[in-house]
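Enquirer: Dropping a structure here in structure tokens format, bear with me for questions.
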Amino acid sequence: MTHPYTPEPFRIKMVETIRLITPAERESALKEAGYNTFTLKAEDIFIDLLTDSGTGAMSSEQWAAIMRGDESYAGARSFVRLKAAVEDIFGFKFFVPTHQGRAAENILAACVVKPGQYIPSNMHFDTTDANIRARGGRPTNLVIDEAFDPENQHPFKGNMDIAKLRDFIEKTGVANIPFGMMTVTNNAGGGQPISMENLKAVAAVYREYKIPFFIDAARYAENSFFIKQRESAYKDKSVKEIAHEMFSLADGMTMSAKKDAIVNMGGLLCLNDEKLFMDIKNELILREGFPTYGGLAGRDLDAMAVGLYEGLDENYLAHRLGQTAYLAQRINDAGIPTIQPTGGHAVYVALAVELYREGAIRGGEIGSVMFAHPDPDTGSMIYPKLELMRLAIPRRTYTQSHMDYVANSLANIKTRAASIHGYKFTYAPELLRHFTARFEPL
Ligand SMILES: *Cc1c(COP(=O)(O)O)cnc(C)c1O
């Protein structure tokens with residue numbers, strides 16, 4: 001018998017109890033939460049797949065590193081250790097730690113985005129989108145059309161459409177584009193990877209027009225593993241070598257370390273431009289803290305320095321992508337479609353509220369609630385092309401039987417699909433509305 005996917009290359013040393021509350025308790029929890037899964041209490045959740053951000057299990061090595069944390073205000077040993085890891089893996093000349101990914105985005109946007117300017121990407125994630133809008137900028141998504149067809153089997157559905165990018169730059173004018181981005185993997189579009197070939201082509205276009213190129217690197221290790229699996233020229237390269245090559249194409253990166261660096265809190269902003277780095281340091285001091293800790297404790301920097309390497313471990317990555325693919329396959333076997341091919345960190349289906357009702361499982365909506373926004377010129381609502389619920393899988397946290405429980409709950413929902421109704425907004429703030437919105441049943 002072959003095993004369905006690479007077994008966990010780790011074992012359990014510490015457990016955290018979770019409990020399954022009754023259907024009646026779930027119904028009242030839903031009502032109290034305004035039917036928004038973000039507002040549910042964690043203690044009322046059995047399997048929490050709201051996000052894979054900061055929800056992974058740290059290793060014994062990371063906990064040991066926490067104890068080595070140097071809490072000096074400036075120039076701490078912890079910073080020196082993080083710096084060595086960041087330089088070794090990413091290879092940029094300068095960097096600052098930040099408390100999470102959106103802080104890196106905020107600082108970058110504060111330093112370079114002027115009102116009315118455009119920032120192209122394959123697809124911006126919600127916090128990047130919002131941080132650009134908050135500075136009066138206009139995030140623009142230029143992913144290939146295959147990304148909007150959930151059944152299309154393209155191996156790199158996160159790719160940028162190079163023709164769209166060229167056309168966009170010609171129409172917008174270089175002076176109105178302070179920098180360009182790529183999100184690896186494409187979280188908003190189903191956790192889909194980007195090929196090295198596409199990254200090279202994107203970098204060449206940005207270089208041709210002298211537009212600085214920043215990578216949103218939250219899931220760079222998962223993306224690099226997909227490149228190794230799916231792009232034949234890279235099958236014999238290590239994931240670390242692939243990552244290094246990827247970053248050599250860019251001028252900088254923002255990163256939420258809560259994803260592929262497997263820490264509960266942390267982020268990075270890296271770049272090669274010394275003048276911009278000076279501005280970034282000053283903005284960081286204003287918003288986050290001194291440049292050698294950037295809003296984090298010394299121990300957080302140490303945990304990140306270790307986690308960056310653990311996130312590149314190929315046995316771990318094989319297990320992780322295998323676990324995600326396994327859950328998707330079980331859901332598909334129950335006759336429920338998911339985004340194809342399966343992405344790195346999550347399975348994308350429909351129906352967030354119903355899954356909590358059925359199994360006390362929490363997912364998160366990634367569709368109109370998160371991304372619909374009024375057109376800045378006309379005021380009319382623009383809706384995203386995909387309406388999804390994301391089941392994001394925390395790293396090194398849940399077992400195969402948890403995945404089976406999720407798949408079985410979805411299969412149960414399928415049997416009563418015809419009787420499921422929708423929800424309407426009763427409250428929504430202007431930016432990042434999915435976090436605090438409230439709903440009631442239609
Ligand atoms: C999580 C994430 C961010 C934002 O990072 P936070 O640490 O949550 O602030 C940005 N981009 C992508 C692709 C992400 O997944």
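All of the numbers you see were taken from the coordinates with simple rules; none came from a lab. Since the structure is predicted, the reported quantities are computational estimates derived from the model, not experimental observations. Here the Cβ is made from the backbone with ideal geometry for all residues, glycine too, and neighbour counts use every protein chain on show.
Enquirer: Amide H of LEU388 versus every other amide H placed in the peptide plane: which residues, excluding those fewer than 5 positions away on the same chain, fall under 5 Å?
Expert: The answer is ILE366, GLY367, SER368.
Enquirer: Between SER28 and ALA334, what length comes free when the chain is fully extended (0.36 nm per residue of separation minus the Cα-Cα distance, one decimal in nm)?
Expert: Contour length minus the Cα-Cα distance gives 107.3 nm.
Enquirer: With charges only on Cβ, +1 for K and R and -1 for D and E, what is the dipole size of the chain about its Cα centre, in debye, rounded to 20?
Expert: Working: 48 positive and 54 negative charges, 52 e Å.
Here the size comes out at about 240 debye.
Enquirer: Continuing with the same structure: In 10 Å bins starting at zero, report the fraction of Cα pairs in the stretch 110-189 per bin as a rounded %.
Expert: Each 10 Å bin holds this share of Cα pairs: 20, 48, 27, 6.
Enquirer: Turning to a different aspect of this structure: Quick one: if you stick a label point 7 Å off each Cα along the C-beta vector at GLU43 and TYR309, how many nm between them?
Expert: Inter-label distance under the simple model: 3.9 nm.
Enquirer: With each label point set 7 Å from Cα along the Cα-Cβ vector, what nm distance links LYS414 and ASP149?
Expert: Taking the two extended label points, one gets 2.4 nm.
Enquirer: Something else now. Run through the DSSP bridge list for the chain and note the antiparallel percent, rounded to the nearest 5.
Expert: 65
Enquirer: List residues of the stretch 315-358, by number, whose backbone nitrogen lies under 20 Å from a label position 7 Å along Cα→C-beta of SER401.
Expert: 323-324, 326-328, 330-331
Enquirer: At 7 Å along the Cα-to-beta-carbon direction for both LEU20 and LYS83, put a label point, then send me their distance in nm to one decimal.
Expert: The two pseudo-label positions are separated by 5.2 nm.
Enquirer: At q = 0.09 Å⁻¹, what is the base-10 log of I(q)/I(0) for the stretch 210-338 according to the Debye formula with one equal point scatterer per Cα and no solvent? Please give it to two decimals.
Expert: The Cα Debye sum returns log10 ratios of -0.34.
Enquirer: Something else now. Which loop-located trypsin sites (Lys or Arg not before Pro) does the stretch 386-436 contain, where loop means any DSSP state but H, G, I, E or B and the Cβ has at most 12 other Cβ atoms within 10 Å?
Expert: Passing both the DSSP loop test and the Cβ count: ARG416.
Enquirer: Given R₀ = 22 Å, what would the calculated FRET efficiency be for ASN282 paired with ALA74, taking r from the Cβ atoms and rounding to 0.05? All intermediate terms of the calculation are to be shown ahead of the outcome.
Expert: Numbers: r = 15 Å, r/R0 = 0.70.
Working from the Cβ atoms, E equals 0.90.
Enquirer: Using θ = phi - 60° and the Karplus relation 6.51 cos²θ - 1.76 cosθ + 1.60, list the HN-Hα couplings for the stretch 207-223 in order, rounded to whole Hz, with x at every Gly or Pro.
Expert: Those phi angles translate into 5, 4, 9, 6, 9, x, 10, 10, 9, 7, 9, 3, 10, 5, 6, 4, 4 Hz.
Enquirer: Can I ask one more? Starting from the amide H of GLY289, placed 1.01 Å from N in the peptide plane, find each other amide H under 5 Å away whose residue is 5 or more places distant or on another chain.
Expert: Under 5 Å from the amide H of GLY289: GLY295.
Enquirer: What is the order of MET58, MET278, MET1, fewest Cβ neighbours within 10 Å to most?
Expert: Working: MET58 20, MET278 12, MET1 3.
Sorted ascending by nearby Cβ count, the order is MET1, MET278, MET58.
Enquirer: Give me the net charge for the shell around THR140: Cβ to Cβ below 11 angstrom, other residues only, Lys and Arg +1, Asp and Glu -1.
Expert: +2
Enquirer: Quick one: net charge of THR172's neighbours, Cβ under 13 Å, K/R +1, D/E -1?
Expert: Net charge in that neighbourhood comes out at +2.
Enquirer: Then there is this: I'd like the Karplus ³J(HN,Hα) series for the stretch 187-198: coefficients 6.51, -1.76, 1.60, θ = phi - 60°, whole numbers in Hz, and an x wherever there's a Gly or Pro.
Expert: Running phi through 6.51 cos²θ - 1.76 cosθ + 1.60 with θ = phi - 60° gives 4, 5, x, x, x, 7, x, 10, 6, 5, 4, 5 Hz.
Enquirer: Shifting gears a bit: Determine, for ARG68, ARG299, the number of other Cβ atoms within 10 Å of each Cβ, and report the residues in order from fewest to most.
Expert: Starting with the residue having the fewest Cβ neighbours, the order is ARG68, ARG299.
Enquirer: Quick one: net charge around ALA42, please, counting Lys, Arg +1 and Asp, Glu -1 for every other residue with C-beta under 9 Å from its C-beta. Don't jump to the answer; show the numbers that get you there.
Expert: Working: positive: LYS41, ARG362; negative: GLU43, ASP44, ASP48.
Charge balance in the 9 Å sphere: -1.
Enquirer: Pop out the ³J(HN,Hα) list for the stretch 62-74 in order, Karplus 6.51 cos²θ - 1.76 cosθ + 1.60 with θ = phi - 60°, rounded to Hz; leave Gly and Pro as x.
Expert: With the stated coefficients, the stretch 62-74 comes to 5, 5, 5, 5, 4, 5, 7, x, 9, 8, 4, 5, 10 Hz.
Enquirer: I would also like to ask the following. Calculate, in nm to one decimal, what THR436 and LYS93 gain on full extension: separation in residues at 0.36 nm each, minus their alpha carbon distance.
Expert: Between THR436 and LYS93, full extension yields 119.6 nm more.
Enquirer: Report relative contact order for the chain in percent, whole number only (criteria: Cα-Cα under 8 Å, sequence separation at least 6).
Expert: Computed over the chain, the figure is 25 percent.
Enquirer: For the stretch 60-310, what is the largest minus smallest coordinate of the Cα atoms on each principal axis, given in angstrom and ordered from greatest to least?
Expert: 50, 43, 28
Enquirer: Can you run the Rg to Rh ratio on the chain? Use alpha carbon positions and the Kirkwood inverse-distance Rh.
Expert: 0.95
Enquirer: Run the reach check for LYS114 against lysines, Cα to Cα strictly under 28 Å, same-chain hits fewer than 8 apart removed. What comes back?
Expert: LYS93, LYS164, LYS171, LYS200, LYS210, LYS275, LYS281, LYS385
Enquirer: If you take every DSSP beta bridge fully contained in the stretch 60-310, what fraction is antiparallel? Give it as a percent rounded to 5.
Expert: Within the stretch 60-310, antiparallel bridges account for around 50 percent of the total.
Enquirer: List the residues whose amide H sits under 5 Å from the amide H of ILE119, counting only those 5 or more places along or on another chain, with H placed 1.01 Å from N in the peptide plane.
Expert: When sequence neighbours closer than 5 places are left aside, the close amide H contacts are ARG138, THR140.
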